[in-house]
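S.K.: The following block contains the structure, expressed as structure tokens.
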Amino acid sequence: MSTPEIILRNAAQLVKEPLIDPKKKYADVNNDVCAPLERLPNFAWWKAFGIANVCLLIGLTAMGLTIGTGIGQWGLNRTVGWAFDITNFVFWIGIGHAGTLISAILFLFRQKWRTSINRSAEAMTIFAVMTAGLFPLIHVGRQWMAFWLFPYPNQRDLWVNFRSPLLWDVFAVSTYFTISLVFWYIGLIPDIASVRDRAKNKIRKLIYGILSLGWTGSARAWNHYETAYMLLAGLSTPLVLSVHSIVSFDFAVSILPGWHTTIFPPYFVAGAIFSGFAMVVTLLVIARKVLGLESYIRLVHLENMNKIIMLTGMMVGYAYATEFFTAWYSANEYERFVFINRAFGPYGWSYWTMVTCNVLIPQLFWFKKIRRSLSIMFVISIFVNIGMWFERFVIIVTSLHRDFLPSSWSMYKPSIVEVGILIGSFGMFFTLFLLFCRVLPTIAMSEVKGVMHGEQHGTGEAGHHASGGAHG
Amino acid sequence: MANSMAQVKQVITQAEAHMAKKPLKGVVGIFSEPESLKRAAAQIRDKQVKEFDAFTPFPVHGIEEAMGLKRSFLPWVTFISGLIGCAAGLGLQIWTSAVDWPLNVGGKPFVSLPAFIPITFECTVLFAGLATAGALIAVCKLPNMNPDILHPDLTNDKFALFVSAEDPSYRETEFSDLLKRAGAIDVRTL
């Protein structure tokens, strides 16, 4: 190879991969992103929607049984008072975290690749938090008294106990849901206005007109809008870190060996981002194909997410190791016992499932070929989801089932009703996500246009091909 | 009876007349790309025009300078409502736990400051976030159920610059020529 060839080849590596198909123009963004909203759903959508609805019905039946007879329907016992239900709660809350990370933290770090995926990831956050919220609500036993969780003036003159981490959770999760919803909606306003302006049908125009609040794209409005968006991103960033920290306090503030560790908040946050990104990859690998958005959600986006999965997977693995080291180094026999029991006790299988799925399998992402292979990343993302579900199960059940007194040791097995509620939670999540794909733009059109190569060259006529992804 | 019906009808007509918007009057130029829009905006700004606006499908960087817009005041709203939220959250916890009904929980102090931090933080974020969103909607004069849409593609791939006839330095022919020279693909007088 001659020297100029080598130089050319090296120079080619410096050009960043374009984030959006360089052939696309501004108008293509609206046409492509709005197309799924403007045609009847295809058979694949109905099939997925049908399956999700059946799962949801199974869940509703199981919830009905639980509410009708009480949580005696579950496999809980005197020693293991928390198990499946709280596992599912922490799992779903964690899933939501990737959405906020993409929408807020990557925004503050000016990661432009977020624009193609933030809308759907934020939708995922909202639906995941809604799904998660169901579990503690069911778990309170007398669900019709759930409003007692909030401090409100009442005739008993009693207030809630503000020193309890469970109450911190109420505030954290409800704030998280509210702010995520507001952030998502503010981001949607300009795009809903786009849908309004291209609507041919009167009713459609009216509905999207109301939802858009009458947005016109005025530069004076954009000026405030961009500031507000940045402020909301700045507020969401510490919020998302606080939410899973507070969820981890549910455990860490207790004095139970296996729960009582200071490493929990960062460890939970890393795990949440890890599992959330895996869920985003799972959803987007399918959605980009079904909605025909391959030009916008490109391999470079998925590859970047896979890199984050690998990084957070290693952080989680490091936390697992630290826990064991601390247990040994503490010289506390209860602490040591819990961890030996965790890995080699009767629930050892779940521990090793967790380690395999979360620590070992994501290591495959060291290879670029694997990071960019749709089928392999899909399988890995499912493994990560399974692994992260097991992580919460391992933390909760193995710490509880053998506590200080061997006479009260017991085993926990989920009842069919609990499994039904887990299935139902997936049904609810996917039902909501599939409906979202039908009625709202799944890609933030106004943000994508801002990162298109054509920004400097208008609607994509002369001269933008040469500059390619240099702006990306 | 008939009399009161007539009165009601009269009130409704008056209300409608009050609610009906004044039609926009001015000159509008439609652009196909943001650079020429920015150029035109800067020229209009230099003519000391205040009553003008640009319409773009996405936030165009540099348009604030070109139009001479000031930095948004919203950070102040966020900051002050965050402070209020912080005080409200902490105040509620201290008042309920130490003043209204001091209850001994596990021998902990009535004002357990470290345990009150998480909720104080969440209230700060909640108040600040909701106030920011509310202030944004108010300052953009939304919701507006009957917006003036100058061109249906302004939320798609077109850009517009509108100069209102209400501006004291408004000169119709001069401004439409200016817009044309700046690269507008279509200039209309409203």
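S.K.: Does residue A:75 fit the bill of being surrounded by fewer than 22 Cβ atoms within 10 Å (Cβ to Cβ) and touching a Ser or Thr at 6+ places or on another chain (Cβ under 9 Å)? Spell out the reasoning first.
M.R.: Working: surrounded by fewer than 22 Cβ atoms within 10 Å (Cβ to Cβ): yes; touching a Ser or Thr at 6+ places or on another chain (Cβ under 9 Å): yes.
The answer is yes for residue A:75.
S.K.: If I filter the stretch A:410-439 down to residues being surrounded by fewer than 21 Cβ atoms within 10 Å (Cβ to Cβ) and part of a loop (DSSP other than H, G, I, E, B), which single residue comes out as nearest to the other protein chains (Cβ to nearest Cβ)?
M.R.: That would be A:410.
S.K.: Looking at the stretch B:63-78, is at least one residue more than 8 Å from every other protein chain (Cβ to nearest Cβ), under 21 Å from residue A:239 (Cβ atoms) and out of contact with any Gly (no Cβ under 9 Å at 6 or more places or on another chain)? Give the steps one after another, and end with the answer.
M.R.: Looking only at the stretch B:63-78, we keep the residues that are more than 8 Å from every other protein chain (Cβ to nearest Cβ), and these are B:65-66, B:68, B:70, B:73, B:76-77.
Of the ones still in play, those that are also under 21 Å from residue A:239 (Cβ atoms) are B:76-77.
If we keep only those that are out of contact with any Gly (no Cβ under 9 Å at 6 or more places or on another chain) as well, we get B:76.
Yes.
S.K.: Right, something else. Given the options B:106, B:91, name the one that is within 30 Å of residue A:156 (Cα to Cα) and modelled with pLDDT of 90 or more. Explain how you work it out, then say what you get.
M.R.: Values: B:106 fails: modelled with pLDDT of 90 or more.
Of B:106, B:91, the one residue that is within 30 Å of residue A:156 (Cα to Cα) and modelled with pLDDT of 90 or more is B:91.
S.K.: Something else about it: Would you mind listing the helices (runs of 4 or more DSSP H) fully within the stretch B:54-145 where at least 2 residues are surrounded by 15 or more Cβ atoms within 10 Å (Cβ to Cβ) and small (Gly, Ala, Ser)? Give the derivation first.
M.R.: Numbers: elements: B:63-67, B:74-94, B:113-139.
Because the criterion is at least 2 residues that are surrounded by 15 or more Cβ atoms within 10 Å (Cβ to Cβ) and small (Gly, Ala, Ser), the helices (runs of 4 or more DSSP H) in the stretch B:54-145 that meet it are B:74-94, B:113-139.
S.K.: From the residues in the stretch A:207-223 that are free of Cβ contacts under 8 Å to residues at least 24 places away in the same chain and hydrophobic (A, V, I, L, M, F, W, C), which one is farthest from the other protein chains (Cβ to nearest Cβ)? First the steps, then the outcome.
M.R.: Start the filter on the stretch A:207-223 by keeping residues that are free of Cβ contacts under 8 Å to residues at least 24 places away in the same chain, which leaves A:207-212, A:214, A:216, A:218-223.
Pick out the ones that are also hydrophobic (A, V, I, L, M, F, W, C) and you get A:207, A:210-211, A:219, A:221-222.
Working: A:207: 12, A:210: 7, A:211: 10, A:219: 4, A:221: 4, A:222: 5 Å.
Once the filter is applied, the top-ranked residue is A:207.
S.K.: Cβ contacts < 6 Å: first residue among the acidic types (Asp, Glu), restricted to the stretch B:158-172; second residue part of a helix (DSSP H, G or I), any location; separation 6+ or different chain. Result?
M.R.: Listed by first residue and then by second, the contacts come to nothing, as the list is empty.
S.K.: Still on this model: Only one of A:79, A:61 is away from chain B (no Cβ under 14 Å), within 23 Å of residue A:389 (Cα to Cα) and at pLDDT 95 or above; which?
M.R.: Details: A:79 fails: at pLDDT 95 or above.
On inspection, the qualifying residue turns out to be A:61.
S.K.: Also: With the condition kept exactly as written, say whether any residue in the stretch A:190-206 is of a type outside the set (Ser, Thr, Tyr), under 21 Å from residue B:93 (Cβ atoms) and either surrounded by 18 or more Cβ atoms within 10 Å (Cβ to Cβ) or free of Cβ contacts under 8 Å to residues at least 12 places away in the same chain (or both).
M.R.: First, pick out the residues of the stretch A:190-206 that are of a type outside the set (Ser, Thr, Tyr): A:190-193, A:195-206.
Checking which are under 21 Å from residue B:93 (Cβ atoms) leaves us with none.
Within the stretch A:190-206, none of the residues are of a type outside the set (Ser, Thr, Tyr), under 21 Å from residue B:93 (Cβ atoms) and either surrounded by 18 or more Cβ atoms within 10 Å (Cβ to Cβ) or free of Cβ contacts under 8 Å to residues at least 12 places away in the same chain (or both).
S.K.: Tally time: how many residues in the stretch B:29-53 are of a type outside the set (Lys, Arg), more than 10 Å from chain A (Cβ to nearest Cβ) and not in a loop (DSSP other than H, G, I, E, B)?
M.R.: Step one: list which residues in the stretch B:29-53 are of a type outside the set (Lys, Arg), which gives B:29-37, B:40-44, B:46, B:48-49, B:51-53.
Adding the requirement that they be more than 10 Å from chain A (Cβ to nearest Cβ) leaves B:29-30, B:40, B:42-44, B:46, B:48-49, B:51.
If we keep only those that are not in a loop (DSSP other than H, G, I, E, B) as well, we get B:29-30, B:40, B:42-44, B:46.
Result for the stretch B:29-53: 7.
S.K.: Another question, if that's okay. Working only within the stretch A:116-145, note down all residues that are surrounded by 21 or more Cβ atoms within 10 Å (Cβ to Cβ) and outside any helix (DSSP H, G or I).
M.R.: A:117
S.K.: Here is a list: A:378, A:367. Which entry is within 27 Å of the chain's Cα centre (by Cα) and exposed (fewer than 14 other Cβ atoms within 10 Å of the Cβ)?
M.R.: Values: A:378 fails: exposed (fewer than 14 other Cβ atoms within 10 Å of the Cβ).
None of the other options fit; the residue is A:367.
S.K.: Yes or no: residue A:171 in a helix (DSSP H, G or I), touching an Asp or Glu at 6+ places or on another chain (Cβ under 6 Å) and either at pLDDT below 95 or buried (at least 21 other Cβ atoms within 10 Å of the Cβ) (or both)?
M.R.: Here the answer is yes, as residue A:171 does meet what is asked.
S.K.: Residue A:275 - would you say it is in a helix (DSSP H, G or I), buried (at least 24 other Cβ atoms within 10 Å of the Cβ), in contact with a helix residue (DSSP H, G or I) (Cβ under 6 Å, 6 or more places away or on another chain) and within 14 Å of chain B (Cβ to nearest Cβ)?
M.R.: Details: in a helix (DSSP H, G or I): yes; buried (at least 24 other Cβ atoms within 10 Å of the Cβ): yes; in contact with a helix residue (DSSP H, G or I) (Cβ under 6 Å, 6 or more places away or on another chain): yes; within 14 Å of chain B (Cβ to nearest Cβ): no.
Considered against the rule, which asks whether it is in a helix (DSSP H, G or I), buried (at least 24 other Cβ atoms within 10 Å of the Cβ), in contact with a helix residue (DSSP H, G or I) (Cβ under 6 Å, 6 or more places away or on another chain) and within 14 Å of chain B (Cβ to nearest Cβ), residue A:275 comes out as no.
S.K.: Hey, another quick one. Return the residues of the stretch B:119-145 that are in contact (Cβ under 8 Å) with a residue 60 or more places away in the chain and facing chain A (nearest Cβ under 7 Å); say none if nothing qualifies. Let's see the steps before the verdict.
M.R.: Here is the first cut: in the stretch B:119-145, the ones in contact (Cβ under 8 Å) with a residue 60 or more places away in the chain are B:135-136, B:139.
Selection gives B:136, B:139.
S.K.: Which members of the stretch B:152-174 meet the condition of being more than 9 Å from every other protein chain (Cβ to nearest Cβ) and among the polar types (S, T, N, Q)?
M.R.: B:164, B:169, B:173
S.K.: Name the residues in the stretch A:1-49 that are surrounded by fewer than 12 Cβ atoms within 10 Å (Cβ to Cβ) and either under 26 Å from the mean Cα position of the chain (by Cα) or of a type in the set (S, T, N, Q) (or both), would you?
M.R.: A:2, A:3, A:10, A:13, A:42, A:44, A:47
S.K.: Ok, one more. All but one of (1) among the hydrophobic types (A, V, I, L, M, F, W, C); (2) more than 21 Å from residue B:86 (Cα to Cα); (3) more than 9 Å from chain B (Cβ to nearest Cβ) hold for residue A:193, so report the exception by its number.
M.R.: Residue A:193 satisfies every listed condition except (3).
S.K.: Select from the stretch A:440-472 the residues that are at pLDDT 90 or above and among the hydrophobic types (A, V, I, L, M, F, W, C) and write down the one among them that is surrounded by the fewest Cβ atoms within 10 Å (Cβ to Cβ).
M.R.: Going through the qualifying residues, I end up with A:440.
S.K.: Among A:113, A:184, A:148, which is the only one that is surrounded by fewer than 24 Cβ atoms within 10 Å (Cβ to Cβ), touching a His at 6+ places or on another chain (Cβ under 7 Å) and more than 9 Å from every other protein chain (Cβ to nearest Cβ)? Spell out how you get there, then give the answer.
M.R.: Details: A:184 fails: touching a His at 6+ places or on another chain (Cβ under 7 Å); A:148 fails: touching a His at 6+ places or on another chain (Cβ under 7 Å).
When all the criteria are applied, what remains is A:113.
S.K.: Go through the stretch A:133-144 residue by residue and tally those that are of a type in the set (A, V, I, L, M) and modelled with pLDDT under 90.
M.R.: Pass one, the stretch A:133-144, residues of a type in the set (A, V, I, L, M): A:134, A:137-138, A:140.
Next cut, modelled with pLDDT under 90 only: A:140.
Of the residues in the stretch A:133-144, 1 are of a type in the set (A, V, I, L, M) and modelled with pLDDT under 90.
S.K.: With the requirement that a residue be in contact with a helix residue (DSSP H, G or I) (Cβ under 6 Å, 6 or more places away or on another chain) and assigned to a loop (DSSP other than H, G, I, E, B), what does the stretch A:355-397 give you?
M.R.: Across the stretch A:355-397, the qualifying residue is only A:372.
The values are calculated or read from the model by the stated rules, or taken from the named source; none is laboratory data. Values in this document were obtained by computation on a predicted structure and should not be read as measured data. Here the Cβ is made from the backbone with ideal geometry for all residues, glycine too, and neighbour counts use every protein chain on show.
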